[in-house]
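Single-structure report; data block below.
The values are calculated or read from the model by the stated rules, or taken from the named source; none is laboratory data. Given the structure is predicted, the values throughout are model-derived calculations rather than measurements. In this analysis, Cβ positions are derived from the backbone assuming ideal geometry, glycine residues included, and neighbour counts consider all displayed protein chains. SASA here: full protein model, heavy atoms, side chains in, ligands and nucleic acids out. Shrake-Rupley method; radii C 1.70, N 1.55, O 1.52, S 1.80 Å.
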Amino acid sequence: QEDYGKVWNGLRVRIGIHTGFGEIKKDPVSHGYDYYGTVVNTAARTESIAHGGQVIMTEAALAASGISEDRVVPMGAVMLRGVPDPIQMFELTTVANRIFPPLRVEKAQEEGDLADLDGASS
């Protein structure tokens, strides 16, 4: 319990991981790159349903990662706005015995976290 407090003291970021091929365009003003498409939307929306300190990944990310399935907890299929089919989600076990509430699917929709992100830049 003492170690647990040390690990979870402070800022807790939520992480959503997805993989695939998106569209990339160079911005002539900033000389940086803008990332577009369903892959970007899916990654952002995956992150939006997680809780602080939680790492959520899609089935595609799990398959591409090489992480063994004993390191993840299946979260079930989730509908994400702008994504036509439900996506299987998995929680990466980062700290033993850490338990999170159910995914924030409804809360994210209420807060507008799932706003259309086509054209979002990184």
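Name the single residue that is farthest from the chain's Cα centre (by Cα) among those in the stretch 56-70 being open to solvent by less than 70 Å² (accessible area, probe 1.4 Å) and closer than 20 Å to T38 by Cα.
Filtering first and then ranking leaves S65.
Please pick out the residue among V83, V73 that is open to solvent by 50 Å² or more (accessible area, probe 1.4 Å), within 16 Å of the chain's Cα centre (by Cα) and closer than 24 Å to E106 by Cβ.
Selected residue: V73, the only one of V83, V73 that is open to solvent by 50 Å² or more (accessible area, probe 1.4 Å), within 16 Å of the chain's Cα centre (by Cα) and closer than 24 Å to E106 by Cβ.
Does T42 fit the bill of being at pLDDT 90 or above, of a type in the set (S, T, Y) and not in a loop (DSSP other than H, G, I, E, B)?
Yes.
Check the stretch 70-80 and report whether any residue there is part of a helix (DSSP H, G or I) and more than 17 Å from V13 (Cα to Cα).
Yes; the residues of the stretch 70-80 include at least one that is part of a helix (DSSP H, G or I) and more than 17 Å from V13 (Cα to Cα).
Pick from the stretch 80-114 the residues that are more than 12 Å from Q54 (Cα to Cα) and among the β-branched types (V, I, T): which of them is modelled with the highest pLDDT?
If we take residues in the stretch 80-114 being more than 12 Å from Q54 (Cα to Cα) and among the β-branched types (V, I, T), then I87 is modelled with the highest pLDDT.
How many residues does the stretch 47-64 hold that are at pLDDT 95 or above and polar (S, T, N, Q)?
1
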